[in-house]
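Beneath this line is the structure, given in structure tokens, with notes to follow.
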Amino acid sequence: MKKNLKKAVVLLLALVMALTPVQAFAVEKRYFYLSNTSQTRISMGAHDLDTNYQVIVANKKSATVQKVRYTVEDHGSDGYYYYLLPKKPGKPKITIKTTEGSGLLNWQFLKYKNPISSLKLGSTTIKGSKFDKKDCITLSYKKYANKNLKIKVVPKKGWGVNCYMSSEKRDQNPYMELADSFRPTKKGCNLRIEMWDKKRNTKENVDIIFK
């Protein structure tokens, strides 16, 4: 009797384990605006080798995955930095898999949309229409070199200004966060304005390069 009861308990536990679903990630709807003048790069974080982290894109025409290796010497462990490189607007089918479970991301890539009504740098007013077709414009470095330019942005309805940043070159780290002014000190430097879509709760960048 006891032997049969023990077998029944073992079978019941096995059945419960078999019916227990693989842990899925909590998925929320997220939006990403795509640059129309450079490659958008979405960080998926740093993941050690023992996590068996995978990013699986069903359609390679919608996005690709970039892996950058790091080692014990520079990170304290072995693993990869993962980046997603979107190719076009749409709703890609992207699955994340780890040793802890898997989940399908509820993400949508959005076409660039001009978020700026007008912009003022120092005494220069720039029409918002300059950003209608592309998210990056150029200004003369010679004209603005070493001048402290106060930044004032008037967003379009539904948008806000998140922050101002600068770097020595566009899409090159490190980006330094600014207060409300910018001083171009090197030819090719980049002023980045991070705008915020209040409805979709996501950011979009516009850039000014001083050439």
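How about the range 152-189: which of its residues are aromatic (Phe, Trp, Tyr) and outside any strand (DSSP E or B)? Hit for the range 152-189 is 175, nothing else. When the strands (runs of 3 or more DSSP E) confined to the range 24-79 are screened for residues that are surrounded by 13 or more Cβ atoms within 10 Å (Cβ to Cβ) and without any contact (Cβ under 8 Å) to a residue 40 or more places away in the chain, those reaching at least 1 such residues are found at 42-48, 54-57, 63-70. Selection of the range 145-169 for residues being in contact with a Phe, Trp or Tyr (Cβ under 6 Å, 6 or more places away or on another chain) and either at pLDDT below 95 or under 15 Å from residue 120 (Cβ atoms) (or both) yields 149, 151. Mind listing just one residue for me: the one in the range 133-151 that is exposed (fewer than 14 other Cβ atoms within 10 Å of the Cβ) and not in a loop (DSSP other than H, G, I, E, B) and, of those, nearest to the chain's Cα centre (by Cα)? Filtering first and then ranking leaves 138. Among the residues of the range 109-122, those identified as on the phi < 0 side of the Ramachandran plot and surrounded by fewer than 19 Cβ atoms within 10 Å (Cβ to Cβ) are 110, 111, 113, 114, 117, 118, 120. In a strand (DSSP E or B) and either under 20 Å from the mean Cα position of the chain (by Cα) or under 29 Å from residue 43 (Cα atoms) (or both): is that true of residue 209 in this structure? Spelling it out, residue 209 is indeed in a strand (DSSP E or B) and either under 20 Å from the mean Cα position of the chain (by Cα) or under 29 Å from residue 43 (Cα atoms) (or both).
Which of the following residues is on the phi > 0 side of the Ramachandran plot and among the polar types (S, T, N, Q): 106, 52? Don't jump to the end; show me each part of the working.
Values: 106 fails: on the phi > 0 side of the Ramachandran plot.
Just a single option satisfies the conditions, and that option is 52.
The values are calculated or read from the model by the stated rules, or taken from the named source; none is laboratory data. As the structure is a computational prediction, the values presented were derived from the model and not from experiment. Using ideal geometry, Cβ is built from the backbone for each residue, glycine included, and neighbour counts are taken over all protein chains shown.
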